[in-house]
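Only one structure is covered here, and it is reproduced in the block below.
The values are calculated or read from the model by the stated rules, or taken from the named source; none is laboratory data. All figures in this text were calculated on a predicted structure; none of them were measured in a lab. Positions of Cβ are backbone-derived with ideal geometry, glycine not excepted, and every protein chain shown enters the neighbour counts. All accessible areas refer to the heavy atoms of the entire protein, side chains included, with ligands and DNA or RNA removed. Shrake-Rupley method; radii C 1.70, N 1.55, O 1.52, S 1.80 Å.
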Amino acid sequence: MSGNRRKAILVSAAIVGGALLMTACQDSDADSGSAQAPSTATPSGKEASTSGSSATGGGSQSSGKSSGGQGTTAGSGSSGNGKSGGNCRTADLKITAQDSTITGDPEGTVAVTLKNIGGHDCAISGFAGVDLKTNAGSLSAKRTAEKPSPGVLKSGKSVSFGITYPLNKSGGSGIRITGLLVTPPNETKTVTLAWPGAATLPVTDGTGSPVKVGPIGSAGQGD
């Protein structure tokens, strides 16, 4: 074999080898591209699924919490001593007020009586909400330090509590009382009554309410 022919064969082999090398590189790039396509699609699909799951879960939790909270409130309102039929409600009580001030006392006293007309026994204890309506605005009574005792108000029976207030001995016109608002314990419905006590309160510069309210039973048991 001549030298020229050997050189030609070597050149041809180099050209063929280069072509094979280029083909292999192209195949490798193609394989790499096809592997990246599922990789890109997979995270996108996972993100959409997570977002949907989060939205559904959030709605379910919100609904559950709201439903549970309402159920707890309703249960609390209807619960109580099973024998007594629950707490006394405003609609089942006849509420009256009368002046109970004793001559010579330094303070005036009004007794508020609650009579059970609901046809069943009910539980009642604690402090009633008391507000005086005056020509200077509403005045809330402050609770005394007396400890309330739990009790059952039998059907047809009454219980009372006391309201004490300073008598106007200043000689001035004072603050005129125009009405009495009473809200039984554990209730939200208020009853408006005529004020049976002294017509006015003295004007004071002190802070806090000069009107005090005792717990249920503090003015003696009713009939």
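Structure notes:
- Accessible surface comparison of Glu107, Glu187, probe 1.4 Å, protein chains only, largest first: the order is Glu107, Glu187.
- Cα centroid separation - the range 187-206 against the range 84-113, whole Å: 13 Å
- 3J(HN,Hα) from dihedral phi, the range 126-140, Karplus parametrisation 6.51/-1.76/1.60, rounded to Hz, x for glycine, proline: x, 10, 7, x, 10, 9, 9, 8, 10, 6, 9, x, 7, 10, 8
- When the range 107-215 is described by a simple charge dipole with +1 on each Lys and Arg Cβ and -1 on each Asp and Glu Cβ, the residue from Val152, Ile175, Leu139 located farthest towards its positive end is Val152.
- Put simply, the range 120-208 fits an ellipsoid with semi-axes of 29, 14, 12 Å; these come from the alpha carbon gyration tensor as the roots of five times its eigenvalues, largest first.
- Excluding ligands, DNA and RNA, the accessible surface per residue across the range 74-186 is 52 Å² with a 1.4 Å probe.
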